[in-house]
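The values are calculated or read from the model by the stated rules, or taken from the named source; none is laboratory data. Nothing here was measured: the structure is a model prediction, and the numbers come from that model. As a convention, Cβ positions derive from the backbone with ideal geometry for all residues, glycine included, and neighbour counts pool all protein chains shown.
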Amino acid sequence: MIRHKNGATSTSARQPDAAADARRGFPPVSDSASACAFLGISEPVLREAMRCRGLPYRRIGAKVLRFSSEALAAWVKGATGAAGDDHSGDLDGVG
């Protein structure tokens, strides 16, 4: 239970919202399922793209993965990729 300064109480913590993150300058992030939906691919194809094609992601701890919508869109357009990577803009088989 959370007790506020005005004496009111609440039982659940307030969840951060996208507007608050935007005001703080943090880009919106998503989990693996949302990234799959955004790209229109399955989880195994997402993992393959992370491993072999340079799909941008962040690992938080041992198991949590987060994806930036902006970074994913740039990756699809071929704006990112390792130097000399012939497949950075090639999405054959990814979908």
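Residues being closer than 15 Å to Ala33 by Cα and part of a helix (DSSP H, G or I): count how many of those fall in the stretch 43-65.
Of the residues in that region, 8 qualify.
Take the residues of the stretch 32-44 that are in contact (Cβ under 8 Å) with a residue 12 or more places away in the chain and surrounded by 17 or more Cβ atoms within 10 Å (Cβ to Cβ): which is farthest from Arg58 (Cα to Cα)?
Ile41
Given the conditions (1) at pLDDT below 90; (2) part of a helix (DSSP H, G or I); (3) surrounded by 12 or more Cβ atoms within 10 Å (Cβ to Cβ), which single one is not true for Ala71?
It is condition (1) that Ala71 fails.
In the list Gly7, Gly95, which residue meets the criterion of being modelled with pLDDT of 65 or more, in a loop (DSSP other than H, G, I, E, B) and surrounded by fewer than 15 Cβ atoms within 10 Å (Cβ to Cβ)?
None of the other options fit; the residue is Gly7.
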